[in-house]
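Every number in this text was worked out from the coordinates using simple rules, so none of it is lab data. The structure presented is a predicted model; accordingly, all values stated were derived computationally and were not measured. Cβ coordinates were reconstructed from backbone atoms using ideal geometry, including for glycine residues, and neighbour counts include every protein chain displayed.
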Amino acid sequence: MVEAPLRVAIAGAGMVARLHLDAARRAGAYVVGVCASTPERGKLAAERFGLARAFETAEQLAVSDEVDVVHVCTPNDSHVRLAELALRAGKHVVCEKPLAPAAGEADALVRLARESGLIAAVPFVYRYHPMAVEARERVRGGYTGEVRLIHGHYLQDWLSRPGDNNWRVDPRLGGPSRAFADIGSHWCDLVEWVTGHRISELIAETQTVLPTRFGSGRQTFSDGASRRGPQRGPRRGPHSAGARVTTEDAVQVLLRTDRGASGALTVSQVSPGRKNRLWFEIDGAEASLAFDQENPESLFAGSRAGNARLLRDAALLSPEAARLSVLPPGHPMGYADCFAGFVADVYAAVRAEAAPHVPVFPTFADAARTVRLTEAVLLSARSRSWIEV
Ligand SMILES: NC(=O)c1ccc[n+]([C@@H]2O[C@H](COP(=O)([O-])OP(=O)(O)OC[C@H]3O[C@@H](n4cnc5c(N)ncnc54)[C@H](O)[C@@H]3O)[C@@H](O)[C@H]2O)c1
C-alpha cells in the first residue's frame, strides 16, 4: 500500500522558505500552505509557490490540524514562539537557526522536543555536502591522524556598505549576535560534526565596522540592489536618517577543543567579494583536509607524501558520502541539494523509517549548542577573556 504523503507547511516566504519548499517537494511531501508577514503577502507567496493555501498567520499555521510537519522560516525573533506552539500542538518541527536568542530558551525547547517524542531539526545543512561528509568519514577512519589544528572562516559581503541593511541587523528581530549567530554558528556546527571535537574554550573579538546603516543598498543577500559602483544616496525609509548598529559585522575567535586541538575562525559579513565563503581546514598528524563551501565538489587532501584534490564521485567515496551524492560526478551539486538531503532524512525520521543514517541531521540539541557558543563569543568579547563553553 502506498503511504499517504506527509503534510507540511512553511511559515515565512523568503529566501530560505523557497529552499525548504523545493526540498519538501523533492522528498515527496504534500505542501499544504505557507504564510508571510501579512495575510496579503501570504496570498502572494502561495500563488508564487503554487500552493493552494495561504495561512493568515504563522500561529494558525503552526497549530493547524491539516499539518504534520511545520517548517519555521521566519525572522529569528519568532523561532522560539513558533517552535514551541507547533511542538505543543503535536507537530514535528524544522526550525531555522538561530533556534533562540539565549541558551536558556534553546534548552527549554530541547526539553520540550525530547518529552514530546517529536522530531525537532535545525537546518545546519552544510553537513549534507557529500565532500564535507567525506571529510568527516576520513577523520573518523584515521586518515588525518590525531587532529591538531582546526581553522577557517565564513565570509560574506552583502552587508559591507553603509546602505546595506536587513532585519538581521536589528537585535529585536535578529537577536543579540548577528554575524556569529547567523553564519559563525554554521561553521562551528560543521567543524564539530566533522572532527568530533567540541570547542571547550574560546576568546573572541567582535567588530562593528559600520556603526550606522541607512537602508539604501542591499536588503537581503539574495537581492541585486547596489550591484556595483559607489553607494547611491540614501533612499527614504525607516532608516533614511541612519540607524545605529549594535550587532557585530565581524568576529575573530581563537579556540581550544576538548580533545586538545586549537584553532582560529574569522566570521564576517563585510568582506568585499566574498559571497558565502565557508571554508575550513583540519590539520592532523598525518594529513590535512580542507573544504570550501563555494567549491563543494572537491576536498583538498594534503600530506608530506603529496597533495590531492579529491573529486566527488560516489564510486570513490565512503558509503555515507556516496549516499548523498545523488548526481553523477561532473554534474555539480550544491546548497539546494544539501537542503534536499537534510529534509529527506528528517522526513524519514518522522515516518520512523529505520534508516541506518538517521539521524545525521542536526537537532534542536545541536542548535542549542551553537546558541551557547554564541553566548560565549559575546561574553568573551565583552570581558576580553577566555570563556569555557
Ligand atoms: N539554514 C540556512 O542555511 C539558512 C539560510 C538563510 C536563512 N536562514 C534562516 O532563515 C530565516 C529566514 O531567513 P531568510 O533569509 O529567508 O529571510 P527573508 O527576509 O528572505 O524572509 C523572511 C520571511 O519571513 C516572513 N515573515 C516575517 N515576519 C513574519 C511573521 N511574523 N509571520 C510569518 N512570516 C513572517 C517575511 O514575509 C518573509 O517572507 C532566518 O532565521 C535565517 O537565519 C537559514
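Counting only C-alpha contacts under 8 Å and six or more residues apart, can you give the relative contact order of region 262-389 as a whole percent? Relative CO of region 262-389 lands at 10 percent. Normalised by the number of residues in the chain, the mean separation of alpha-carbon contacts (under 8 Å, six or more apart) gives a relative contact order of 21 percent. The Kirkwood hydrodynamic radius of region 1-55, based on inverse pair distances between different Cα atoms, is 11.2 Å.
For L317, neighbours were defined as the other residues whose beta-carbon sits under 13 Å from its Cβ, and their charges (Lys and Arg +1, Asp and Glu -1) total -1.
Based on the Stokes-Einstein relation at 4 °C and a viscosity of 1.567 mPa s, and on the Kirkwood radius from alpha carbon pairs, the chain is assigned a translational diffusion coefficient of 60 µm²/s. In percent, rounded to a whole number, the relative contact order of region 40-186 is 19, using alpha-carbon pairs under 8 Å and six or more apart.
Hey, if you put +1 on the Cβ of every Lys and Arg and -1 on every Asp and Glu Cβ in the chain, which of A301, A336, G242 ends up farthest toward the positive end of that dipole? Result: G242, furthest along the dipole toward the positive end. Here's the picture: charge each Lys and Arg Cβ at +1 and each Asp and Glu Cβ at -1 in region 126-388, and of S383, P211, P319 the one pushed furthest to the positive end of that dipole is P211. GNM on the chain, alpha-carbon springs under 10 angstrom: the most fluctuating residue among V377, V94, V245 is V245.
Extending 7 Å from Cα along the Cβ direction at R304 and again at A336 yields two label points whose distance is 4.6 nm. Listed peptides 308-317, 335-344 appear in the order 335-344, 308-317 once ranked by packing, highest mean of other Cβ atoms within 10 Å at the front.
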